[in-house]
1. Which condition breaks for residue 173 when tested against (1) free of Cβ contacts under 8 Å to residues at least 12 places away in the same chain; (2) of a type in the set (S, T, N, Q); (3) open to solvent by 60 Å² or more (accessible area, probe 1.4 Å)?
2. So which residues in segment 47-68 are open to solvent by 20 Å² or more (accessible area, probe 1.4 Å) and more than 23 Å from the chain's Cα centre (by Cα), if there are any at all?
3. Looking at segment 187-222, which of its residues are within 13 Å of residue 112 (Cα to Cα) and without any contact (Cβ under 8 Å) to a residue 60 or more places away in the chain?
4. Does segment 39-46 include one or more residues that are among the charged types (D, E, K, R) and surrounded by fewer than 14 Cβ atoms within 10 Å (Cβ to Cβ)?
5. From (1) in a loop (DSSP other than H, G, I, E, B); (2) closer than 18 Å to residue 240 by Cβ, pick out the condition that doesn't hold for residue 10.
6. Taking the criterion of being open to solvent by 80 Å² or more (accessible area, probe 1.4 Å) and under 17 Å from residue 237 (Cβ atoms), would at least one residue in segment 94-105 satisfy it?
7. Within segment 106-133, count every residue that is small (Gly, Ala, Ser), open to solvent by 20 Å² or more (accessible area, probe 1.4 Å) and touching a Ser or Thr at 6+ places or on another chain (Cβ under 9 Å).
Amino acid sequence: MNLVIDIGNTYTKIAVFKQDELVFNAQYQEVDTGIISDLLNEHHINQAIISTVKSKGEEGWQRILAGSTHLVYFNAAMNRLIKNHYLTPETLGADRLAAVTGAHYLYPGKDNLVISGGTCITYDWVDAGGNYFGGSISPGLNMRYKALNNYTAGLPLVGADENFNTFYGNNTTSSILSGVQNGIKYELTGFIESYRANEKELNIVLSGGDSIFFDTLLKNSIFAPCIKIEPYLVLKGLNAAIHNNND
């Protein structure tokens, strides 16, 4: 059994895999020793991997893992599935690298555009040969709503609305909905069109907490048949990295 942990900006996602089968997953704002101890006792973990966008910590639960399992921290050097051509690999977020690893593992021989919706929206492309050159980072869905409220004196804090489907607003709230959600929709389609100009058979993989919402934004687009939804893509990529480092 493999324990896979993805420490993001907002949440920590945890999964347990039996080979490639996802048998447990959950997300937490805070992880403590009780959570980890329960997982170790219930699932008989022998390997663990941690990916983090933060500095490597010395939390008590991490010390428990180090003493009870073969624990590794995911980094570019241990990734054998991807040929990483990023000019500054030391600055590449582990979550972005794990996501393209997961896409290439799940859809081998395909050109994959990975779009991950979380605190930020990231766009990363890995070609059919496993070559990764880079991507793009933009503000995430909730970050955009919060920014409009935080950086103005009069705009209210508005939440996402998956039922909003017009291209303009007729009051302040609906104008914010239009600006944020249509803005993301046009951003998504613009990036996809740019990548498809070079690769017509592009596989579009949506991941992250907002993947279902993004799929809703794109459901009537010409790209809909090419879209795969993989909300656990980073976790699956980390699990794939364990397999390939055991070979």
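The values are calculated or read from the model by the stated rules, or taken from the named source; none is laboratory data. Here the structure is a predicted model, which is why all the values come from computation and not from measurement. Positions of Cβ are backbone-derived with ideal geometry, glycine not excepted, and every protein chain shown enters the neighbour counts. These accessible areas exclude ligands, DNA and RNA; they are computed on the full protein's heavy atoms, side chains included. Shrake-Rupley method; radii C 1.70, N 1.55, O 1.52, S 1.80 Å.
1. Unmet for residue 173, out of (1) free of Cβ contacts under 8 Å to residues at least 12 places away in the same chain; (2) of a type in the set (S, T, N, Q); (3) open to solvent by 60 Å² or more (accessible area, probe 1.4 Å): (1).
2. Result: 58, 59, 60, 63, 64, 66, 67, 68.
3. Correct list: 196, 198, 200.
4. Yes: segment 39-46 contains one or more residues that are among the charged types (D, E, K, R) and surrounded by fewer than 14 Cβ atoms within 10 Å (Cβ to Cβ).
5. So residue 10 meets the others, but not (2).
6. So far as segment 94-105 goes, no, none of its residues is open to solvent by 80 Å² or more (accessible area, probe 1.4 Å) and under 17 Å from residue 237 (Cβ atoms).
7. Total meeting the criteria: 2.
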